[in-house]
Amino acid sequence: MHSYEFISHSEEETIMFADEFASKLNGHSKIVLSGDLGSGKTKFTEGLLRHFGLEDEISSPTFTIVNEYDAPKFKIYHFDLYRLADPEELEFMGIRDYFSQNCICLIEWAEKGEGILPEADLLVNIDYYDDARNITLIAQNSVSEHILTQL
């Protein structure tokens, strides 16, 4: 599968890169964000939301599990599964309904929902790299491969 790497030297660079990435999206994307605590997953989400004019509304859904944002043409759901004790909890919250819509779903700590969550369209890995962050986007299907070729 196709991948794309970007080295970010600041939170603002991460936000600007995610904004540019978001300009290639048109809804119906399942994006898994992975990285250690504090690596920049929420900043990446902030940049994506900025592209859709939602940057003033962002907050981490660590305690609520999901935040919903109304973009002009579709919804954006930001999941943080860090506090999830059992993947079955996702069934109780109606997780499948979120993924059946024309929307963008951003999922942090997706491994905690293994077996319940649908396959991701795109993986975003954020790793520490000296004083910077290495952001690697990995396509999981032909649609996301096309998105990465546009970056």
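What is the dipole size for the chain, taken about its Cα centre, with +1 at each Lys and Arg Cβ and -1 at each Asp and Glu Cβ, in debye to the nearest 20?
400
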Quick check on packing: order 106-112, 21-27, 89-95 by the mean number of other C-beta atoms within 10 Å, highest mean leading. 106-112, 21-27, 89-95
Whether the chain is rounded, prolate or oblate, judged on the alpha carbon gyration tensor where a/c under 1.5 counts as rounded: rounded
Leaving out same-chain residues fewer than 8 places away, which lysines sit with a Cα under 29 Å from that of residue 112? 24, 30, 41, 43, 75
Counting only DSSP beta bridges with both residues in segment 1-150, what percent are antiparallel, rounded to the nearest 5? 55
With every protein chain left in place, what is the accessible area per residue of segment 29-122 in square angstrom, probe 1.4 Å? 49
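For the chain, with all protein chains present and a 1.4 Å probe, just round the carbon and sulfur fraction of the accessible area to a whole percent. Each step should come with its number before you reach the end.
Values: 3660 of 7760 Å².
Carbon and sulfur together cover 47 percent of it.
The values are calculated or read from the model by the stated rules, or taken from the named source; none is laboratory data. Values in this document were obtained by computation on a predicted structure and should not be read as measured data. Note that each Cβ is placed from the backbone with ideal geometry, even for glycine, and that neighbours are counted across all protein chains shown. Only protein heavy atoms, including side chains, enter the accessible area calculation; ligands, DNA and RNA are left aside. Shrake-Rupley method; radii C 1.70, N 1.55, O 1.52, S 1.80 Å.
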